[in-house]
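Peer 1: First the structure, which I've put down as structure tokens, then a few questions once you've had a look.
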Amino acid sequence: MIDNSFPKEERLRSKKQIQRLFDKGEKFHISPVQVLYYAPGLVLERGVQILVGAPKKRFRKAVERNKVKRLLREAYRLERNNFGEREESLHIALLYTHDKIQSLNNLRVILREILERIDQEIISSES
């Protein structure tokens with residue numbers, strides 16, 4: 001059975017790990033999301049941990065920021081099953097950079113593209 005939950009173990013919360021992600025991580029941009037990822041090589045129960053953010057500069061109201069973050073988390077939760085299982089950890093930051101809020105279907109397509117690109121870049125760096 002496919003696990004469709006989004007437990008705490010999949011959320012990137014450690015300040016040290018977040019700082020390492022921003023310092024050493026690879027980044028790219030697929031509009032409207034800027035992506036940072038870093039593979040520290042640790043073995044975790046759940047291999048991928050994500051961080052989701054929306055800037056206060058673009059979304060002044062907390063309600064709007066929370067909606068963007070909720071949509072990004074939901075899009076990731078629905079698309080992560082296509083990403084594959086990982087034994088070693090992978091930290092991903094999804095930072096929303098657009099002024100307008102996209103629909104969930106658009107974000108799912110974008111997240112699918114993001115996850116495919118991360119997978120390709122990790123495989124090419126291992127070779």
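The values are calculated or read from the model by the stated rules, or taken from the named source; none is laboratory data. Just so you know, these numbers come straight off a predicted model, no measurement behind them. Cβ: placed from backbone, ideal geometry, glycine included. Neighbour counts: every protein chain shown.
Peer 1: Can you name the residue in the stretch 84-113 that is acidic (Asp, Glu) and more than 21 Å from Glu64 (Cα to Cα) and is also nearest to the chain's Cα centre (by Cα) among such residues? Walk me through how you get there before you give the answer.
Peer 2: So the first thing to find is which residues in the stretch 84-113 are acidic (Asp, Glu), and the list is 85, 87-88, 99, 113.
Checking the rest, the ones that are also more than 21 Å from Glu64 (Cα to Cα) come to 85, 87-88, 113.
Numbers: Glu85: 15, Glu87: 17, Glu88: 16, Glu113: 12 Å.
Here the answer is Glu113.
Peer 1: How do the pairs read when you match residues in the stretch 9-23 that are polar (S, T, N, Q) with residues anywhere that are outside any loop (DSSP other than H, G, I, E, B), using Cβ under 8 Å and keeping only pairs 6 or more apart or on different chains?
Peer 2: Once the first residue is polar (S, T, N, Q) and sits in the stretch 9-23, its partners that are outside any loop (DSSP other than H, G, I, E, B) give Gln17/Gln49; Gln17/His91.
Peer 1: Working carefully through the options Arg60, Arg65, Arg80, Arg86, find the one that is more than 18 Å from Asn105 (Cβ to Cβ) and at pLDDT below 90. So that I can check it myself, show each step before the final result.
Peer 2: On the way: Arg60 fails: at pLDDT below 90; Arg65 fails: at pLDDT below 90; Arg80 fails: more than 18 Å from Asn105 (Cβ to Cβ).
None of the other options fit; the residue is Arg86.
Peer 1: If we scan the stretch 33-42, do we find a residue that is part of a loop (DSSP other than H, G, I, E, B), surrounded by fewer than 17 Cβ atoms within 10 Å (Cβ to Cβ) and either among the aromatic types (Phe, Trp, Tyr) or at negative phi (or both)? Walk me through it before giving the result.
Peer 2: Taking the stretch 33-42 and keeping what is part of a loop (DSSP other than H, G, I, E, B), we get 39-42.
Of the ones still in play, those that are also surrounded by fewer than 17 Cβ atoms within 10 Å (Cβ to Cβ) are 40-42.
Then keep just the ones that are either among the aromatic types (Phe, Trp, Tyr) or at negative phi (or both); that gives 40, 42.
Taking every residue of the stretch 33-42 in turn, at least one turns out to be part of a loop (DSSP other than H, G, I, E, B), surrounded by fewer than 17 Cβ atoms within 10 Å (Cβ to Cβ) and either among the aromatic types (Phe, Trp, Tyr) or at negative phi (or both).
Peer 1: Touching a strand residue (DSSP E or B) at 6+ places or on another chain (Cβ under 7 Å) and surrounded by 14 or more Cβ atoms within 10 Å (Cβ to Cβ), is that true of Glu10?
Peer 2: yes
Peer 1: Looking at Lys67, is it surrounded by fewer than 15 Cβ atoms within 10 Å (Cβ to Cβ), touching a residue at least 12 places away in the same chain (Cβ under 8 Å) and more than 20 Å from Arg117 (Cα to Cα)?
Peer 2: Numbers: surrounded by fewer than 15 Cβ atoms within 10 Å (Cβ to Cβ): yes; touching a residue at least 12 places away in the same chain (Cβ under 8 Å): yes; more than 20 Å from Arg117 (Cα to Cα): yes.
When the stated conditions are applied, Lys67 passes them.
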